[in-house]
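Only one structure is covered here, and it is reproduced in the block below.
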Amino acid sequence: MSTRNGGQLTVEVLRAHGVDTVFGLIGSATMELFDALHDAEDIRFIGVRDERTGVHMADAYARTTGRPGVILAGQNGPGATNLVTGLAQAMRAYSPVVALAGATSTEHYQLDGFQEIDQHALFTPVTKRTFDVVQRKRLGDLLTQAFRTALSPRPGPVLVNLHRDVLAQEFDDTVNPTPLRRTEGIEGLRPLAPAGLVARAADLLRTAERPVIVAGGGVKFREWEPVAALAELVGAPIVTSAGHGDAVPSTHPAYAGQMGPRGNVVATQLVKDADVILVLGSRLGFNSTFFSYDNISRDAQIIQVEMDATALGRYFPVAFGVLADAPGFAGQVTEALAGHRPGAAVSDWFDTFTARRRDLLEQREREGDDNATPIQPTRIWKALRATLPEDVIVTLDAGTLCLQAHDVLPYRQSPALITPVDFGLVGFSFAAGLGAKLGNPDRTVVSLMGDGGFGMVTSEISTAVQSGINTTVIVLNNGVWGAEKAYQRDFYGGRYIGADVVNPPYDELARLYGAHGFAVEKPDDLESTISEAIASDRLAIVDVKVDPDALYSFRRDSFKHRAGTGSGS
């Protein structure tokens, strides 16, 4: 009869679920687990500098691969609490992150011992479920439950508190026998819709004159082809929800781009003018609509397809909701409409959209010809459109510059865009890019950040260099917290406080860490420098000096109470 300790058993469970990468920060509470990882040649450990950014890496790894992203906080107390922001972000992104956190020994549990905090209560609001392993016989079972919970629709993060004495205890073959009921059948949890609902959707689309498809994360992280096929059949432009501009490749003829306040005027107008809106895998959440009919037709018949029953009709009344897999539903409706030909009204609708989309793209190219110094954001977007390769994955931060970037870049291979979505987190993009690259080593990864956000996470330059993770980071350096300074300018009479940022030369900092560093101050140097950085053989950081006055108040609606009180500039 063979024996192994709790750390070794945990690694067996990771292996049984196909885990090949673990992000983490070492701590004494989980030494048996780290020791077991030492012998796991099939599992790569990526040592991070902060547990929060480690979660972002695991989050992007999960979103771009469909496999669970695993983060290990080795120490209870402060090591575990550092996970909170990252897990809150993953929760809003429906990202299947499995977080393992060290916990105090069961003997000292709830005695207010060294570095003890109520970790179960702390993590419950920011996870799908929090597990506590206090009995050795439950270790394998609860870990397997954690993976199943994270992966089952809708996916999301979970946390497992691993008490240090449970990890140290010995197990024999009578306890948690291998293979520990590997998580299987998750795909089978994605149901197809009943025939009656498929027929109702087909009837509405058949008679629609101004149909629109809204594609969200439920398309992006599944399959886009069935959605594109349905759009072609019924003559519907495809609008994407916020943060999911890559739900369908931007080269597709039906692609309209992102809707709503964070999107473009063509896509938003389509949703405002439509008579039938088929919403596939989207909540129609805040960043897509601001929960307002200013951004979506009040009179349209809305069909909403989601894997989360609570999302159906939550923000806008629907003609009917469908609890089903979004691409699967698109395929079902396509079958039901076999032989359909759009009428003249639909053809005119689609042709008008095509012309407006073409005009928008041409306008963007003209705006990108601005060669002023300091560099304008529109000039940077044009340079990126000219240099980003076909296979690129773009990660974005929150903040006014990155929000402008959402809808102006090309996304050709879905998934190709990873953002903080509705959590609006600054300091996300760099770490997310590292996780995306580890999950997709053959693809190019480019991360955009403001200078303030990048300043939060520069310690992870060390992680990238040490682990050989070769991404490109473009720091949009304007020396300010852009969104907030814009609000102070527009609504508070230019009474600035806390809005300016003093930064080191990030290109020089990169070289100190052993990465490549580049600086750009002239517009004409953008394309050549970005291309050189992307072609680098290790992490490359490009510090771009951006006009500090190129500020934009995205949330003007939040300051209606201040109307007429600002500087008016």
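The values are calculated or read from the model by the stated rules, or taken from the named source; none is laboratory data. Values in this document were obtained by computation on a predicted structure and should not be read as measured data. Cβ atoms come from the backbone with ideal geometry, glycine included; neighbour counts cover every protein chain shown.
Figures for the structure shown
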| read-out | value |
| --- | --- |
| Of all residues making up the range 474-484, the number that are among the aliphatic types (A, V, I, L, M) and without any contact (Cβ under 8 Å) to a residue 60 or more places away in the chain | 0 |
| Count - residues of the range 329-355 that are crowded, with 18+ Cβ neighbours inside 10 Å and over 17 Å from Arg206 (Cβ atoms) | 1 |
| Subset tally (residues that are in a loop (DSSP other than H, G, I, E, B) and at negative phi) for the range 214-238 | 7 |
| Test for Glu41: is it surrounded by 20 or more Cβ atoms within 10 Å (Cβ to Cβ) and not aliphatic (A, V, I, L, M) | no |
| Residue identified as free of Cβ contacts under 8 Å to residues at least 40 places away in the same chain and on the phi < 0 side of the Ramachandran plot among Tyr487, Tyr496, Tyr492, Tyr411 | Tyr496 |
| Test result for Ala62, touching a helix residue (DSSP H, G or I) at 6+ places or on another chain (Cβ under 7 Å) and not assigned by TED's automatic domain parsing to the domain that holds Gly216 | no |
| Helices (runs of 4 or more DSSP H) contained in the range 315-418 and holding at least 3 residues at pLDDT 95 or above and under 20 Å from Leu526 (Cα atoms) | 344-367, 377-387 |
| Output for the range 371-408, where each listed residue is under 16 Å from the mean Cα position of the chain (by Cα) and farther than 21 Å from Ser536 by Cα | Asp397, Ala398, Gly399, Cys402, Leu403, Ala405, His406, Asp407 |
| Cross-chain or 6+ apart pairs with Cβ under 8 Å, the range 202-213 first and not assigned by TED's automatic domain parsing to the domain that holds Gly321 and in a helix (DSSP H, G or I), then crowded, with 24+ Cβ neighbours inside 10 Å and not basic (Lys, Arg) | none |
